[in-house]
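Some notes on the structure that comes next.
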Amino acid sequence: MKKNKDRETQSAAETGRCAPVGMVKRFLELWTSGPAFKAEVLKDPQGTMHHYGLDVDPEDIRALWDWDYAAKAVAENLPVTPTVKQYREFINEKLRWRELVREECSPAEHRFKTWRDRQIKRNMLEIGVDQDSKMIHTPVAFELAYGCSMKCWFCALNAPPLQAVYEYTPENRNLFRAILAILKDVAGPSAKWGCSYWATEPLDNPNYEKFCMDFYDILGIYPQTTTADPMRDPARLRKILADSRARGCLVNRFSIMTLQILERVHREFTPDELQWVELILQNAEADPVKAVSGRFTERNRTNPKLAEREKAKVLAAIKEQNKNFKGDLSTINVNLPGTTSCMTGFRINMVKKTVELASPCNACEKWPNGYIVFESGTFNTAEDFKSLVDGMVERVMLTTVPADRRLRLGRVLKYSHVPNGFQVASISRGVQVANEASADMIRMIGDLIRDGQNTACEIALLCFYQLGVPTEVTMGAINHLFENGMLDEEPDNQHTEKAGQAGR
Ligand code: SF4
């Protein structure tokens with residue numbers, strides 16, 4: 001496709017024409033949906049726009065899809081078209097919204113807040129700051145069904161097939177509302193950012209909307225909806241979108257499984273209707289990559305080409321964005337995302353009446369679905385629920401390291417010495433702990449924690465007898481590592497008497 005800077009400049013400076021945000025968003029959804037649309041645009045831009053019913057000039061928004069042009073525009077300070085400017089403002093508004101939600105997800109309860117902050121730091125260390133920044137770490141997620149009807153082959157949470165939904169009986173409604181009130185008490189205002197699905201498809205529950213209205217009634221906002229079946233009942237979905245917008249929820253999401261479904265969604269819903277609905281492209285050809293977690297991991301064992309295909313997408317994007325790089329980009333070691341989880345808090349299944357206290361991690365043998373379960377339990381009544389959740393707060397959400405806890409490094413961290421201290425590193429990130437004035441103490445604490453044989457109290461005593469460091473100074477240093485998510489606090493390392501009561 002011929003680049004035409006003059007035309008873009010004219011569009012911006014002279015005509016002032018501005019394509020609607022929803023229309024630009026639709027173009028970009030198609031652009032990232034796979035190679036076919038890209039090829040069509042490059043071959044016949046106007047014909048392709050006509051074919052897809054897109055009232056947007058690709059030249060006008062070149063800065064949004066052509067990496068070379070975008071880099072050149074920055075380097076040469078080329079004028080930004082009104083359409084591009086308006087679209088970037090829209091994206092910035094969404095980013096500000098996500099940041100606000102992430103901040104407001106921080107619970108009021110001191111222990112819950114401290115624990116969540118620590119898990120976020122642990123997660124940043126494990127999966128990297130960039131990926132973590134996209135997670136809101138919601139404090140609560142409800143499942144209003146047991147299992148999911150969609151049976152996606154790549155399901156990162158490994159949801160079982162749909163087995164039952166939570167009926168909207170008077171008793172169930174009362175229990176649900178009582179639980180919402182308890183969570184409001186435990187998590188404070190942050191509970192309102194909870195979501196009403198997890199390893200479930202929200203539309204599987206025919207009374208999903210009624211539960212959402214209860215959620216709104218108690219917590220003051222309609223919970224966000226992500227559906228993987230947007231064409232199941234468009235009229236129902238339209239009503240959910242309208243109700244949710246009217247009750248404070250800005251962004252909802254549709255997962256798109258195939259190009260055919262994308263086409264049907266685009267035919268059914270106007271660009272304006274979908275402006276605030278994120279389309280998560282899950283079709284095989286799409287640019288976004290899948291997480292190696294849950295069922296994807298299982299499938300990849302028998303068909304390793306699946307991960308190779310996802311890695312090839314990442315490499316292609318890197319090459320596209322670094323065309324002037326002289327080295328061999330093919331040798332880059334690509335790490336695919338290892339989780340889709342974005343909750344650091346309570347996962348509540350209303351059908352099974354279970355609670356899991358969980359937080360994201362890269363999927364692994366121990367945590368195959370991309371999240372750590374710190375403790376789990378069951379309940380029958382609201383009173384049970386309260387005592388279970390209160391117990392988890394007390395047992396798991398510690399604010400300091402217990403003196404009798406055996407200390408070891410986080411499961412994924414590699415330890416090495418650096419001048420005046422040590423470094424811990426995962427495949428994504430490394431952090432150094434070093435200080436010239438207290439290098440001996442730091443190194444001794446680091447080595448002992450790496451060995452994993454001593455309690456906090458024993459380490460403090462060893463530092464006292466061997467280095468003359470006051471025990472409170474050592475405990476302060478240990479708590480600094482704890483606060484920064486470097487110490488293992490997974491269930492098999494919760495070295496307290498009370499932890500034995502978990503998992504009823
Ligand atoms: S990915 Fe989502 S929609 Fe698909 S099976 Fe898993 S929970 Fe259900």
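Kindly list the number of the only condition in (1) without any contact (Cβ under 8 Å) to a residue 60 or more places away in the chain; (2) in the same structural domain as VAL334 (by TED's automatic domain parsing) that fails for ILE182.
ILE182 satisfies all of (1) without any contact (Cβ under 8 Å) to a residue 60 or more places away in the chain; (2) in the same structural domain as VAL334 (by TED's automatic domain parsing) except (1).
Among (1) surrounded by fewer than 16 Cβ atoms within 10 Å (Cβ to Cβ); (2) in contact with a His (Cβ under 9 Å, 6 or more places away or on another chain), where does GLN119 come up short?
It is condition (1) that GLN119 fails.
Please pick out the residue among TRP153, TRP97, TRP115 that is more than 25 Å from ILE478 (Cα to Cα), among the aromatic types (Phe, Trp, Tyr) and assigned to a helix (DSSP H, G or I). Before the answer, list the steps.
Numbers: TRP153 fails: assigned to a helix (DSSP H, G or I); TRP115 fails: more than 25 Å from ILE478 (Cα to Cα).
From the options TRP153, TRP97, TRP115, the qualifying one is TRP97.
In the range 184-222, which residues are within 16 Å of the ligand (Cβ to nearest atom) and in contact with a helix residue (DSSP H, G or I) (Cβ under 8 Å, 6 or more places away or on another chain)? Give the steps one after another, and end with the answer.
Applying the first criterion (within 16 Å of the ligand (Cβ to nearest atom)) to the range 184-222 yields 195-205, 208.
If the condition is that a residue be within 16 Å of the ligand (Cβ to nearest atom) and in contact with a helix residue (DSSP H, G or I) (Cβ under 8 Å, 6 or more places away or on another chain), then SER196, PRO202, LEU203, ASN205, TYR208 are the ones that fit.
Can LEU241 be described as within 16 Å of the ligand (Cβ to nearest atom) and assigned to a helix (DSSP H, G or I)?
On the way: within 16 Å of the ligand (Cβ to nearest atom): no; assigned to a helix (DSSP H, G or I): yes.
For LEU241, the condition - within 16 Å of the ligand (Cβ to nearest atom) and assigned to a helix (DSSP H, G or I) - is not met.
Considering every residue within the range 253-263, establish whether at least one is away from the ligand (no atom under 16 Å from the Cβ), touching a residue at least 24 places away in the same chain (Cβ under 8 Å), within 22 Å of ASN172 (Cβ to Cβ) and out of contact with any His (no Cβ under 7 Å at 6 or more places or on another chain).
No, there is no match, as no residue in the range 253-263 is away from the ligand (no atom under 16 Å from the Cβ), touching a residue at least 24 places away in the same chain (Cβ under 8 Å), within 22 Å of ASN172 (Cβ to Cβ) and out of contact with any His (no Cβ under 7 Å at 6 or more places or on another chain).
Assess whether ASN322 counts as being in contact (Cβ under 8 Å) with a residue 12 or more places away in the chain and either out of contact with any helix residue (DSSP H, G or I) (no Cβ under 8 Å at 6 or more places or on another chain) or outside the structural domain of LYS25 (by TED's automatic domain parsing) (or both).
It is false that ASN322 is in contact (Cβ under 8 Å) with a residue 12 or more places away in the chain and either out of contact with any helix residue (DSSP H, G or I) (no Cβ under 8 Å at 6 or more places or on another chain) or outside the structural domain of LYS25 (by TED's automatic domain parsing) (or both).
State all residues of the range 133-174 that are surrounded by fewer than 21 Cβ atoms within 10 Å (Cβ to Cβ) and closer than 17 Å to TRP193 by Cβ; if no residue qualifies, say none.
If the condition is that a residue be surrounded by fewer than 21 Cβ atoms within 10 Å (Cβ to Cβ) and closer than 17 Å to TRP193 by Cβ, then SER133, LYS134, ILE136 are the ones that fit.
Matching residues to (1) assigned to a loop (DSSP other than H, G, I, E, B); (2) hydrophobic (A, V, I, L, M, F, W, C); (3) surrounded by fewer than 24 Cβ atoms within 10 Å (Cβ to Cβ); (4) touching a helix residue (DSSP H, G or I) at 6+ places or on another chain (Cβ under 8 Å):
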{"site": "GLY327", "(1), (2), (3), (4)": "yes, no, yes, no"}
{"site": "VAL334", "(1), (2), (3), (4)": "yes, yes, yes, yes"}
{"site": "PRO337", "(1), (2), (3), (4)": "yes, no, yes, yes"}
{"site": "PHE346", "(1), (2), (3), (4)": "no, yes, no, yes"}
{"site": "VAL351", "(1), (2), (3), (4)": "yes, yes, yes, no"}
{"site": "GLU356", "(1), (2), (3), (4)": "no, no, yes, no"}
{"site": "GLU365", "(1), (2), (3), (4)": "yes, no, yes, no"}
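What do you reckon, is VAL469 surrounded by fewer than 17 Cβ atoms within 10 Å (Cβ to Cβ), of a type in the set (Val, Ile, Thr) and modelled with pLDDT of 95 or more?
The answer is no for VAL469.
So which residues in the range 261-296 are in a helix (DSSP H, G or I), surrounded by 19 or more Cβ atoms within 10 Å (Cβ to Cβ) and touching a Gly at 6+ places or on another chain (Cβ under 9 Å)?
HIS266, GLY294
Inspect the range 228-237 for any residue being more than 16 Å from the ligand (Cβ to nearest atom) and assigned to a loop (DSSP other than H, G, I, E, B) and give the result as yes or no.
Filtering the range 228-237 for residues more than 16 Å from the ligand (Cβ to nearest atom) gives 234-236.
Next cut, assigned to a loop (DSSP other than H, G, I, E, B) only: none.
No; the residues of the range 228-237 include none that is more than 16 Å from the ligand (Cβ to nearest atom) and assigned to a loop (DSSP other than H, G, I, E, B).
Would you be able to tell me the number of residues in the range 303-354 that are more than 20 Å from the chain's Cα centre (by Cα) and polar (S, T, N, Q)?
The number of residues fulfilling the criteria is 8.
Spot the failing condition for GLU310; the list is (1) in contact with a helix residue (DSSP H, G or I) (Cβ under 7 Å, 6 or more places away or on another chain); (2) in the same structural domain as VAL140 (by TED's automatic domain parsing); (3) buried (at least 18 other Cβ atoms within 10 Å of the Cβ), and only one is missed.
The failed condition is (1).
Would you please list the contacts, defined by Cβ atoms under 9 Å and residues six or more apart or on different chains, that run from a residue in the range 143-154 that is assigned by TED's automatic domain parsing to the domain that holds TYR208 and within 9 Å of the ligand (Cβ to nearest atom) to a residue that is part of a loop (DSSP other than H, G, I, E, B) and of a type in the set (Lys, Arg)?
Between residues of the range 143-154 that are assigned by TED's automatic domain parsing to the domain that holds TYR208 and within 9 Å of the ligand (Cβ to nearest atom) and residues that are part of a loop (DSSP other than H, G, I, E, B) and of a type in the set (Lys, Arg), the close pairs are PHE154/LYS290.
Here is a check on your reading of the model: is GLU93 of a type in the set (Asp, Glu) and touching a residue at least 40 places away in the same chain (Cβ under 8 Å)?
So GLU93 does not fit the description; no.
The values are calculated or read from the model by the stated rules, or taken from the named source; none is laboratory data. Since this is a predicted model, take the numbers as computed values, not measurements. Glycine gets a Cβ as well: all are built from the backbone with ideal geometry, and neighbour counts include every protein chain shown.
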